[in-house]
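A.B. asks: Quick one: the structure is below, and I'll ask about it shortly.
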Amino acid sequence: MLLQLAWRNVLRARRRTIITLILSTVSTAFFILYTSLMDGSYAKIFRDSVEIYPGYIQITHKDYRDDPGYEHLIFDTRQVQEAVATTSGIADFTIRFEGFGLFAGSENSVGGMLAGIDPEEEKRFSRIFRAMQSGRYLEATDRNAVIMGSDLAKRLGVTVGDTVSIITNATDYSFAADNLQVVGLFQTHLHDFDVASAFVSKSYFDRLMQSRGMATQVIVLPDDPADSKSVAAALSLALSGTDYIAEEWHVYLSGIIEAMEFDRISGETTMWLFLIIIFFVVMIYALLTIFSRTKEIGIMRAIGTTPGQVAAILLLETLILGLASTGLGAVIGGSAAYYFELNPIYLPQFEEAYRDFGIIEAVLPADFTWTGVLRGVAYMLGMNLLCALYPIIRVNRYTPVEAISHV
């Protein structure tokens, strides 16, 4: 009975119904799209930060991060490979050795990192190959060929085809030196990385540094990046009893994560300000619409309808309109989020700003999830019901005579 009355009231007051539907539908759709774009942009920043070079999981000596010296290397990579082979959820792994030395070019001498990598395997683990600016990428058969960051090349005053000298310490602490031919320059747009990084093939690096069978880190690629924590935990268990540990990217990229979390707070603050504004708009509209029906409610009370029944009818009307509008908003907002997940928004005007964060592509993707859609529906439906409570309580305080004579 009460539901039938509420439904008839909704159909009878077409103007009020349409305005309520439009207001709540637009708010729901906007909220779902906004949160999906915010989540998508942060996910892209984290993904780019990991995939440019660090990787999702790193296996290192347990003391390497605190003291990255030759005393804390992975001295037997086969031991690590065996642990990786016995751990499920791993797609692939690669071995790196990062050393430091003095580069000398035609104009200047600059300190930086010289790393030995497997050129073909590295394509799966980092974006150095995709970030090549000029020249060519490394080949496994290269001997003294080197690729370096474009900013490092500028500081050295060299370009593709030029020769640079490198002086460093081998793993046995003897001097290691050679002339390297620059075959390519890359630009990831992470200045600190581009200004101090150079790479040679691991086979050549091992001969130069006396590092055969050794590594500073083993990079592991999980089948699903979302499972990085569980895979790293399984690897650490497989490595128990050794001096090596596996850590996932939240550990060694904690600085970036903290910066992004701070930025996320500002984004969520904007979102909550939007919700507060919408809350007051909806509440004012609910107040006006319910108080405009005071005489109608007074007549209902006069013919025997109890305050509880009046409140139930008004809440049912709100629930019907809320379910219809949030459902429609979920379809519109969810469809838009799914579309922008497949077709990210390109932002050429923010290209330079994005590059400061190491983001190669200036795009804003959405992150469509059913959880995000349902969250938006729940928030907006709850808001509609909450906004209706105050005017319902107020109007129920009138006696039938006061309500009927209300102007």
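A.B. asks: State all residues of region 131-171 that are among the polar types (S, T, N, Q) and free of Cβ contacts under 8 Å to residues at least 24 places away in the same chain; if no residue qualifies, say none. Spell out how you get there, then give the answer.
C.D. replies: Going through region 131-171, the residues among the polar types (S, T, N, Q) turn out to be 133-134, 141, 144, 150, 159, 163, 165, 168-169, 171.
163 - this is the single residue of region 131-171 that is among the polar types (S, T, N, Q) and free of Cβ contacts under 8 Å to residues at least 24 places away in the same chain.
A.B. asks: Residues that are part of a helix (DSSP H, G or I), more than 22 Å from the chain's Cα centre (by Cα), surrounded by 15 or more Cβ atoms within 10 Å (Cβ to Cβ) and free of Cβ contacts under 8 Å to residues at least 12 places away in the same chain: does region 234-254 have at least one?
C.D. replies: The answer is yes, given that some residue of region 234-254 is part of a helix (DSSP H, G or I), more than 22 Å from the chain's Cα centre (by Cα), surrounded by 15 or more Cβ atoms within 10 Å (Cβ to Cβ) and free of Cβ contacts under 8 Å to residues at least 12 places away in the same chain.
A.B. asks: Determine which member of the set 131, 83 is crowded, with 16+ Cβ neighbours inside 10 Å and farther than 23 Å from residue 195 by Cα. Before you say what the answer is, go through the steps one by one.
C.D. replies: On the way: 131 fails: farther than 23 Å from residue 195 by Cα.
That would be 83, the only listed residue that is crowded, with 16+ Cβ neighbours inside 10 Å and farther than 23 Å from residue 195 by Cα.
A.B. asks: Just one of the numbered conditions (1) part of a helix (DSSP H, G or I); (2) outside the structural domain of residue 45 (by TED's automatic domain parsing); (3) surrounded by fewer than 19 Cβ atoms within 10 Å (Cβ to Cβ) is not true of residue 261; which one?
C.D. replies: (2)
A.B. asks: Looking for whichever is modelled with pLDDT of 95 or more and farther than 19 Å from residue 58 by Cβ here; the options are 170, 176, 198. Which one fits?
C.D. replies: Working: 170 fails: modelled with pLDDT of 95 or more; 176 fails: modelled with pLDDT of 95 or more.
After ruling out the rest, the residue left standing is 198.
A.B. asks: Considering (1) surrounded by 21 or more Cβ atoms within 10 Å (Cβ to Cβ); (2) free of Cβ contacts under 8 Å to residues at least 40 places away in the same chain, say which one residue 114 fails and leave the rest.
C.D. replies: Failed condition: (2).
A.B. asks: Checking the condition small (Gly, Ala, Ser) and more than 21 Å from residue 189 (Cβ to Cβ), which residue from 105, 135, 112 passes?
C.D. replies: Numbers: 135 fails: more than 21 Å from residue 189 (Cβ to Cβ); 112 fails: more than 21 Å from residue 189 (Cβ to Cβ).
Selected residue: 105, the only one of 105, 135, 112 that is small (Gly, Ala, Ser) and more than 21 Å from residue 189 (Cβ to Cβ).
A.B. asks: Moving on. Got at least one residue in region 39-52 being under 30 Å from residue 367 (Cβ atoms), among the basic types (Lys, Arg) and modelled with pLDDT under 90? Spell out the reasoning first.
C.D. replies: Keep residues of region 39-52 that are under 30 Å from residue 367 (Cβ atoms), which gives 39-52.
Next, from what is left, pick out any that are among the basic types (Lys, Arg): 44, 47.
This time we only want the ones that are modelled with pLDDT under 90, so: 44, 47.
Checked region 39-52: at least one residue is under 30 Å from residue 367 (Cβ atoms), among the basic types (Lys, Arg) and modelled with pLDDT under 90.
A.B. asks: Out of 42, 64, 34, I need the residue that is assigned by TED's automatic domain parsing to the domain that holds residue 170, outside any strand (DSSP E or B) and either crowded, with 19+ Cβ neighbours inside 10 Å or not small (Gly, Ala, Ser) (or both). Which one? If you could, list the steps in order and put the result at the bottom.
C.D. replies: Values: 42 fails: assigned by TED's automatic domain parsing to the domain that holds residue 170; 34 fails: assigned by TED's automatic domain parsing to the domain that holds residue 170.
It is 64.
The values are calculated or read from the model by the stated rules, or taken from the named source; none is laboratory data. Note that the structure is a prediction, hence the values are computed from the model and not measured. All Cβ positions, glycine included, derive from the backbone under ideal geometry; neighbour counts span all protein chains shown.
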